[in-house]
1. Please work out if residue A:86 is of a type in the set (D, E, K, R) and facing chain B (nearest Cβ under 9 Å).
2. Among the listed residues B:26, B:18, B:22, which satisfies the condition of being in contact with a Pro (Cβ under 9 Å, 6 or more places away or on another chain) and surrounded by fewer than 17 Cβ atoms within 10 Å (Cβ to Cβ)?
3. If the requirement is being among the basic types (Lys, Arg) and touching a residue at least 40 places away in the same chain (Cβ under 8 Å), which of these qualifies: B:10, B:44?
4. Among the listed residues B:19, B:43, which satisfies the condition of being charged (D, E, K, R), in contact with a Ser or Thr (Cβ under 8 Å, 6 or more places away or on another chain) and at pLDDT 90 or above?
5. With the requirement that a residue be farther than 27 Å from residue A:43 by Cα, away from every other protein chain (no Cβ under 11 Å) and of a type outside the set (D, E, K, R), what does the range A:89-122 give you?
6. Taking helices (runs of 4 or more DSSP H) that do not extend beyond the range B:1-106, which have at least 1 residues that are of a type in the set (D, E, K, R) and away from chain A (no Cβ under 14 Å)?
7. Whether any residue in the range A:58-71 is within 20 Å of residue B:9 (Cα to Cα) and touching a helix residue (DSSP H, G or I) at 6+ places or on another chain (Cβ under 8 Å) is what I want to check.
Amino acid sequence: MLKLKVTFDEIRIPLSYGAPKFGIFHVIVNGRPKVMEIFDGLQETEKKRIKRLIGFMATQPDFKSDDLRWQLKNYQYGELKPRHHRFFFFISYRNNIVFFDYLEKKKGSVSDEHYESINKKRIFYEQEFRRYIEKNS
Amino acid sequence: MSKNSEDTLKRIHEFFSAEPDAEEKAWGLIHEFYHQVLTYMEEKHITRANLSKKLGKSRSAITQIFNKTPNISVLKMVEIADAVGVDLVITTRKKIETVKTGTRAGASQKAAAGSSGRYIAPPAPNQATVIPPVVRDRQIGYPASEIEKGSDNEDITPY
C-alpha cells in the first residue's frame, strides 16, 4: 500500500445545482482515476442518477436517500449505493467528500470483512488526502 | 498519467460540469421527492412498516418503491405523499422565488436562498418543480439517525 502514488482530483458540479458546501474529490492511484474509471463505464442513465445525487451531497449535507448512507455503522466512511453499485467515500478536512473505492455488490450483503478491508484503505487515503490538502493550500 | 486515464478524466470533468439535461433534471426531482418523504417520515416517526400498512402494500413492495426509477408515476408519488401526510403541488422556480424572496426572476443566488438558507437555483423559464413540503435550515454534518456510534473524527460535526 505504501508504494502507491496517490493524488486527488476535484470534480466541479454545475452552478445550477447550488452553492456547494462540500468539495468533491476522487483518488488517482499510480496515475489512474480508479473510482472514476468505473463510473465512466456505467450506463448513461446510471451516471446521471449518481451525478445528481453527488450534486445533492455537495449542496445539502443532510440529504436523505435510500441510495446514500452518509456513515456506515462502526466506520468513518459512507457509501453511495444505487442498485448493485457501491461507491465509498469519506468526509475529511475542510468539508471535502472523497471517493476512494468501489465495489460491485454480488448476491447477498457486503461482508464485514469487505467493509473492514475498505476501512483500512480509507485510513490510508485519508492520511494521503490530508497531506495533499496541506501541500496544495 | 496514461493517455487513457487523461481521456477518462477529461470525460468525467465534462460530464460533471455540464448543465443537467432533461433526464438528469428528472432524477433531481425524484431524489428531492424521496428526500422530502424520508425527512418527513423521520420527523413524524413514521416507519416503513407504517407506510406499507397505509399503502396496503407489502414491505418488499415499499422497498421496491424506494428503489427508484425516473419513471415513477405521478399517481404513485401522490399515493406515497398522502400516506406520509405530505401535500404535493407543482409550481415553477419563478413562482417560488417570488413567494420566498419577493425578488424578480434571475436574482442572485444569495437573494434566492431566502430566510431558510435553502438554495433555490436560478430560474429556468417554464421549469416545473415540486415544492418541498418541508423546508429546514441546513446544517453541516451527518444526519443524526445515521450516526450509530460515536465519532472520533475531528472533522465530522454530528448534529
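The values are calculated or read from the model by the stated rules, or taken from the named source; none is laboratory data. From a predicted model like this one, the values you see are computed outputs, not experimental measurements. Don't worry about glycine lacking a Cβ; one is built from the backbone with ideal geometry, like all the others, and counts go over all protein chains shown.
1. It is false that residue A:86 is of a type in the set (D, E, K, R) and facing chain B (nearest Cβ under 9 Å).
2. B:18 is the lone residue from the list that is in contact with a Pro (Cβ under 9 Å, 6 or more places away or on another chain) and surrounded by fewer than 17 Cβ atoms within 10 Å (Cβ to Cβ).
3. Sole residue among the options that is among the basic types (Lys, Arg) and touching a residue at least 40 places away in the same chain (Cβ under 8 Å): B:44.
4. Matching residue, one of B:19, B:43: B:19.
5. A:117, A:119
6. In the range B:1-106, B:48-55, B:74-84, B:93-101 are the helices (runs of 4 or more DSSP H) which contain 1 or more residues that are of a type in the set (D, E, K, R) and away from chain A (no Cβ under 14 Å).
7. yes
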